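Below is one structure, written out as structure tokens; comments come after it.
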Protein chains: 2
Amino acid sequence: MDFTQLETLLAVAEEKGFSRAAARLHRTQPAVSQTIHKLEGDLGELLFDRSSREANLTTAGEVLCDYARRLLKLRSEAGSAIQEIRNLERGRLQLAANEYTCLYLLRVLDRFQRICPQIGITVHRSLASKIPEEVLERTVEIGILSFHPEGEHLRTIAVYTDELALVVSPRHPLARARRVTIEDLGAENFIAHNVPSPLRRQVIAAFAKHKTPLNMGVELPSLEAIKRCVSLGNGVALVPGLTVEQEIASGELVRVPVEALRFERHIRLVHRKRAPLSHAAAAFLQVVRDLAGDAGEPYEFRVERSV
Amino acid sequence: MDFTQLETLLAVAEEKGFSRAAARLHRTQPAVSQTIHKLEGDLGELLFDRSSREANLTTAGEVLCDYARRLLKLRSEAGSAIQEIRNLERGRLQLAANEYTCLYLLRVLDRFQRICPQIGITVHRSLASKIPEEVLERTVEIGILSFHPEGEHLRTIAVYTDELALVVSPRHPLARARRVTIEDLGAENFIAHNVPSPLRRQVIAAFAKHKTPLNMGVELPSLEAIKRCVSLGNGVALVPGLTVEQEIASGELVRVPVEALRFERHIRLVHRKRAPLSHAAAAFLQVVRDLAGDAGEPYEFRVERSV
DNA sequence: GGATTGGATAAGTAAATATTATAGTACCGG
DNA sequence: CCGGTACTATAATATTTACTTATCCAATCC
């Protein structure tokens, strides 16, 4: 029992004749006869009473017509559902981000949702170091990272350039200083993120280069905790600009520019290079690309080579 | 999109691999690859991500799998439904009978319903003369008649031999008579059915043969009315035995045997000779045949030749 | 980095499904 | 009642579709 047979059945039933059905199906009459004959053979039941001029359904034929209509309708729905996926009227995008890269994501999501309101989004909150494997294992389709992951199978796209910001409490002496050099920071208590990162090493190197002591008296596990700690006047911290935009705007924290501590941090999207991109993911990437075009710096869309 | 493709899709999805799916489907791996490839081409969408060792569904693939399961389930239900018709677990039998032949039908129906409890029955109440055309026009599948209809396309089966009964009221003088001859009826008022029938002519001929006057003072349109009329003592009537069995048993009417008025009436089934018999109709005929075998006279099952 | 597993591709073959041609059967009108 | 018309079945043939074998290529495992 295949769809062609069912379509033929319905055509014959509705046209009340094999010849007319053949015309409707753009097929010859013997083709229709054979199709129905084969279907009858498969089922072991006659479907039509051909004894009179017009073909009439038997009981079995009537019952099967009923199913045929339902089956063909369902098949057509299936086709539409696939169309909907292509048209971004259906689907879900699985993303992975960490505490920090989430902040970038928020800026894109808003725009994405306006363009693809029907696409659901799931953001998996992960540790940065776990994100590449989540992408490789297909738990998520796109990861958002602040480092360039290794791996032949990943495609990395730099999408945002963030600058580290040295932040202090508004009541801190440095908050009112005209010009601050790295040497001025030797006496300060640095509050650090307790995860190893390339950035951390760069900072240590910068202080070493200027022969300035670096006091990392407090190490905290979250950016939220670091910001709160600085805000209470317990030290200074070097954090990604994105994470403190809000607090600087509200005056809760003050950013202190230091020439020797200008570090950039690139936010990247990663996805499996060889896997076919879902339409939802492709649309997401397009939104990111458009954002770079419309909003300009610090947004960008720069595919990086694999390492 | 055909069922083979959908089955293949599910096999690959469930086995997470083309080769394993091929084994399950008793087909070779290239066949599976080609089937999926063609399906993808038809839909314009990739269904699997083959980039890793195991095949993973894309969004479109997942959606289609969902539909595939529903479609295959529905097809299997359709197959079962056809089976049910064959097994007499589903169906409806359309019969045509008139006031009189209905009485025969009642005796068969009881037995039929015990054997085929799932088969619905619709009895079309028709005028006897209209029944053959109802059968020919397929309004009903089997007609029940008391005469032998003409027509090359009808098959006629005599199933019951009924005898006409002369009935009178229990208070009528003939009710107590020892032996009644046709001549004794010359003074009686005959209540007749006002439809012309071969039988009516036979009765008139019998009276003429015995040179007995026949007074048909009252003509009524239904057997029910005739019986009531006789029961009230307004005359005598010659009616089919089947129609008065109840009343004779209850004593409401009395049957008076008259040698010269022994007329037989055959009840027949008719159906289209060339049309395929439904399983329900075939079962019905079998019940009628069995009844003839089990119950014996007056039941029978005698196919008559077409005229 | 070679071995292994799994999928794609190409060419040839088998099977299914179409077509043309023709014969047979119901129904209609003179 | 009989020939014309309308319709379906069947046979022979052609075409398309789907499967198999053989081989290649990519990813993963050890």
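The values are calculated or read from the model by the stated rules, or taken from the named source; none is laboratory data. What you see is a predicted model, and the numbers here were worked out from it, not measured in a lab. In this analysis, Cβ positions are derived from the backbone assuming ideal geometry, glycine residues included, and neighbour counts consider all displayed protein chains. Surface areas here come from the heavy atoms of the whole protein model, side chains and all, with no ligands, DNA or RNA. Shrake-Rupley method; radii C 1.70, N 1.55, O 1.52, S 1.80 Å.
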Where the centre of each part is set by its Cα atoms, how far does the range B:143-198 sit from the range A:21-36, in angstrom?
-> 55 Å
Cut-off 17 Å, label 7 Å out along Cα→Cβ of B:Gln202, residues of the range B:244-285 by amide N | B:244, B:257-269
Pop out the ³J(HN,Hα) list for the range B:147-157 in order, Karplus 6.51 cos²θ - 1.76 cosθ + 1.60 with θ = phi - 60°, rounded to Hz; leave Gly and Pro as x.
-> 9, 8, x, 7, x, 5, 8, 10, 9, 10, 10
Determine the sum of side-chain charges near B:Tyr299: Lys and Arg each +1, Asp and Glu each -1, restricted to other residues whose C-beta is under 10 angstrom from that of B:Tyr299.
-> -2
Could you calculate the contour length gain from B:Gln118 to B:Ala249, that is, 0.36 nm times the residue separation minus the distance between their Cα atoms, to one decimal place in nm?
-> 43.8 nm
Once you treat every alpha carbon in the protein assembly as shown as an equal point and sum by Debye, what is log10 I(q)/I(0) at q = 0.08, 0.09, 0.11 Å⁻¹?
-> -0.78, -0.87, -1.06
Would you list which lysines come within 29 Å of B:Lys16, measuring only between C-alpha atoms, while excluding same-chain residues fewer than 8 positions from it?
-> A:Lys73, A:Lys130, A:Lys273, B:Lys38, B:Lys73
Determine which aspartates and glutamates satisfy two conditions relative to A:Lys211: a Cα distance under 17 Å, and not lying fewer than 8 residues away in the same chain.
-> A:Glu183, A:Asp184, A:Glu188, A:Glu259
Name the residues of the range B:112-154 whose accessible area falls by at least 40 Å² when all protein chains are present instead of the chain alone, probe 1.4 Å?
-> B:Arg138
Cα-only Debye scattering, the range A:87-307: base-10 log of I(q)/I(0) at q = 0.11 Å⁻¹ = -0.59
Rolling a 1.4 angstrom probe over the protein heavy atoms, how many square angstrom per residue are accessible across the protein assembly as shown?
-> 49 Å²
Under the helix-only model (-39500 (n - 2.57) for each DSSP H run of 4 or more, divided by the residues of chain B), the mean residue ellipticity at 222 nm, to 500 deg cm²/dmol, is -13500 deg cm²/dmol
Which whole-number percentage describes the relative contact order of the range A:67-201, with Cα contacts under 8 Å and a sequence gap of 6 or more?
-> 21 percent
Enter the buried accessible area of the B/A pair, total of both sides, probe 1.4 Å, in Å² rounded to the nearest 100.
-> 3300 Å²
Enter the per residue convex hull volume of the range A:3-83, computed from alpha-carbon coordinates, in Å³ rounded to the nearest integer.
-> 88 Å³
Cβ-Cβ cut-off under 13 Å around B:Leu145, Lys and Arg +1, Asp and Glu -1: the net charge is -2
Leaving out ligands, DNA and RNA, what percent of the accessible area of the protein assembly as shown is carbon and sulfur, probe 1.4 Å?
-> 49 percent
Quotient of Cα radius of gyration and Kirkwood radius for the range B:195-307, i.e. Rg/Rh, equals 1.04
Can you list residues whose amide H is under 5 Å from A:Ala165's amide H, if they're 5+ apart or on another chain and H is modeled 1.01 Å from N?
-> A:Val239, A:Gly241
Name the residues of the range B:26-65, by number, that are at least 40 Å² less accessible with every protein chain in place than in the isolated chain; the surface is that of heavy atoms, probe 1.4 Å, without ligands or nucleic acids.
-> B:Leu43, B:Glu45, B:Asp49, B:Ser51, B:Thr59, B:Val63
Within chain B, which DSSP H helices have Cα atoms that stretch 30 Å or more along the helix axis and a mean Kyte-Doolittle hydropathy of at least -1.0?
-> B:59-86
